[in-house]
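The values are calculated or read from the model by the stated rules, or taken from the named source; none is laboratory data. Note that this is a predicted model, so its numbers are computed, not measured. All Cβ positions, glycine included, derive from the backbone under ideal geometry; neighbour counts span all protein chains shown. Areas reflect the complete protein model, heavy atoms only, side chains present, ligands, DNA and RNA absent. Shrake-Rupley method; radii C 1.70, N 1.55, O 1.52, S 1.80 Å.
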Amino acid sequence: MTECAAVILAAGHGTRMKSRLAKVLHPLAGVPMLSYVLELIQTLKIEKNYVIVGHQAEAVSALVSEKASTPILQNPPLGTGDAVLQAKPSLQDFRGPVLILNGDTPLLRPQTIQRFLEAYKKAEARTGLLTVRLDQPAGYGRVIRNASGEISHIVEEKDASPDERSVNEVNTGVYLCDAAFLFEALDRIQPNNEQKEYYLTDVIGIAVSEGVPLIGVEADPEEVIGINSRADLANAERIIRNRINRYWMMEGVTLIDPGQTWIDAKVSIGRDTVLHPGVTLEGHTVIGEGVTIYPGRIRDSRIGDGALIKDHCVIDSSELASDVTIGPFAHLRPGTMIHKSAKVGNFVEVKKCVLGEGSKASHLSYLGDACIGKNVNIGAGTITCNYDGKNKFKTIIEDDVFIGSDTQLVAPVRVGKGALIAAGTTVTKDIPPDALALSRTKQENKADWVKRRAPKKNK
Ligand code: UD1
Ligand code: CA
C-alpha cells in the first residue's frame, strides 16, 4: 500500500476541446481518459483517494464510483487551487503527503509516481513537483528557477513574460504536498492572475518563500502530456496505442504493421495470432490463439482459437468458436453465435442467430433470429424473412438440413432434421424431418417461341 492520499482534478470545463462531452470522458484506446488515472491510483494501492468533479459532474462521478473512488463536487470551478481545496474536509485528519494528479494527464506510469515518492521521502521534502523539459513547452506552466538553480515558482503561460515563456522546463500538474501545509497554503492563495483563477501552482511559490522543503523530480516527456485540445488527444492516442501494440507483440502476437493496427485497451489476444494491417479490435474483445485476422472491425466479441477472419468483416457483440471461417465481407451483428468449424462467407449478414458446428452459409444471405443446427448447408441467397413490419419471428433449422439457393424462410417456421429445400422455394409451413420441400411453379419450355414472336417495330 502506498502511504499517501490522492486528489485527482477533473472538474474543469475543458473549453479547448470544444466538445459537448466532458474532457476527462473522452476516450483513449476506447477507455475514458480519466479511467487511466483512476487505474493508476488502483495500481499504486492509494486507499484514500478523491476526484474533484464539476463540469458534467453526474457522468464523471458515475465513472469515479465505478472505479471505487470518491467524487467531491467543486461548483463553480474557480481554478486548480480551489479544486484541491474541496478535498480539505475529507482529508482533515490525514497526516502525510497528498499526491495531486490531473484528470487530463492519462499517460503517467506507476513507476514514475513511485520514483517521485521515493525521492520526496529521501529528501524529507514537504512539497514536490514533477517537472519535464519539452522542446515545445507551449500551453504549460513554466518552472522558474533562481540563480542557484533552485525552483522559485511556477508561472502560467498566460501570465508569463517573453523571457519566462522561453523556459522549457514545465509543470506536469503532478505534485506531492504535505497535507497540513497544502490546505493551509491553499486557504491563502488569491486569484491575482490573467484568468482570475485560484492557481494550485501558487502553493509552490508559497513553499519556497516560507522555506518549506521542496523537491523537483524530472519525468519522461511522453508520460506527462496534458490533454487540452483534440490535437493533444490524438497525440496521446498514438502513444497509448504504441504501448498496447508493443505489449501484445511481447506476448507473442504478430502485428504485420503495428502502425496500422488499432487495439483498444481492454482487448485480449492469444499467442500466435496474426493481425494484418487495417485490423481494429474494440471494446472487450477477446481473441484466442492462432487466429488470423485481415482488415476489418471487431467489437465486444469473442473469437475462438484457430479462427480465420478474412478481409472487411464487421463483427459486433458476437461469439465465434474455434476454427470458424468468416468473410470476406461478412457482417455479424449482436447476438450471433457461430459454433466450431462453421463458415460464414461473403456478403452474409447474421443477427441474433446460432449457426451450429460445421454449418455453412457461404454466400449472399440474411440470417436473423434463427437457430441453425449442425452440418447445415445454407445455399446462396437464402433469406430468413423474420420481420412482418411489426414483429420479429424465429426460424429454426435442425441438424443436417440442406437449403437450396434463393430460399426464403418466412418465420416463424421450423425445418426438420435432414430435410432438403429445393432452390427457389418460399417456405411458409414447417417442414418435417427428411422431407423435400419445394414451392415453384413448374417450368414450361415453349419450343421456338423466340423465333415466332412478333418482330420488333422499327423506330
Ligand atoms: C495546469 C497547470 C499548469 C501545468 C498543466 C499541466 C495550474 C494553474 N496550471 O494547467 O501549470 O503545466 O496543468 O498539464 O494549475 N480543474 C478543476 N477545477 C478547476 C480547474 C481545473 O478540477 O477549477 C481540473 C481540470 O479538469 C483538469 C486539471 O484541473 O483536469 C487541470 O486544469 P487545466 O485547465 O487543464 O489546467 P492547465 O491549463 O492545463
Ligand atoms: Ca491541462
- Query: Could we say that GLY205 is assigned by TED's automatic domain parsing to the domain that holds SER148, part of a strand (DSSP E or B), open to solvent by less than 60 Å² (accessible area, probe 1.4 Å) and within 16 Å of ligand 1 (Cβ to nearest atom) here?
  - Reply: no
- Scanning the range 144-159 for residues that are of a type in the set (A, V, I, L, M) and either in contact with a Gly (Cβ under 7 Å, 6 or more places away or on another chain) or more than 16 Å from ILE204 (Cα to Cα) (or both), which turns out surrounded by the fewest Cβ atoms within 10 Å (Cβ to Cβ)? ALA147
- How many residues does the range 40-58 contain that are open to solvent by less than 50 Å² (accessible area, probe 1.4 Å) and either over 18 Å from PHE116 (Cβ atoms) or not in a strand (DSSP E or B) (or both)? 11
- Message: Testing VAL31 on (1) under 16 Å from ILE227 (Cα atoms); (2) surrounded by fewer than 20 Cβ atoms within 10 Å (Cβ to Cβ); (3) without any contact (Cβ under 8 Å) to a residue 60 or more places away in the chain, one condition comes back false. Which one is that?
- Response: (3)
- Item | Residue identified as part of a strand (DSSP E or B), among the hydrophobic types (A, V, I, L, M, F, W, C), in contact with a His (Cβ under 9 Å, 6 or more places away or on another chain) and surrounded by 22 or more Cβ atoms within 10 Å (Cβ to Cβ) among VAL314, VAL354, VAL350 | VAL350
- Message: Restricting to the range 254-293, count the residues that are small (Gly, Ala, Ser) and either without any contact (Cβ under 8 Å) to a residue 24 or more places away in the chain or not in a loop (DSSP other than H, G, I, E, B) (or both).
- Response: 4
- Task: Kindly indicate whether any position in the range 281-300 is open to solvent by 30 Å² or more (accessible area, probe 1.4 Å) and closer than 25 Å to ILE397 by Cα.
- Result: no
- Close pairs (6 angstrom Cβ cut-off, 6 or more residues apart or separate chains): aliphatic (A, V, I, L, M) in the range 389-402, in a loop (DSSP other than H, G, I, E, B) and crowded, with 17+ Cβ neighbours inside 10 Å anywhere: ILE397/VAL376; VAL401/VAL376; VAL401/ALA419
- Quick one: which of SER365, SER341, SER405 is in contact (Cβ under 8 Å) with a residue 12 or more places away in the chain and either of a type in the set (Lys, Arg) or not in a loop (DSSP other than H, G, I, E, B) (or both)? SER365
- Item | Elements of type helices (runs of 4 or more DSSP H) contained in the range 69-177, each with 2 or more residues being away from ligand 1 (no atom under 14 Å from the Cβ) | 110-122, 162-165
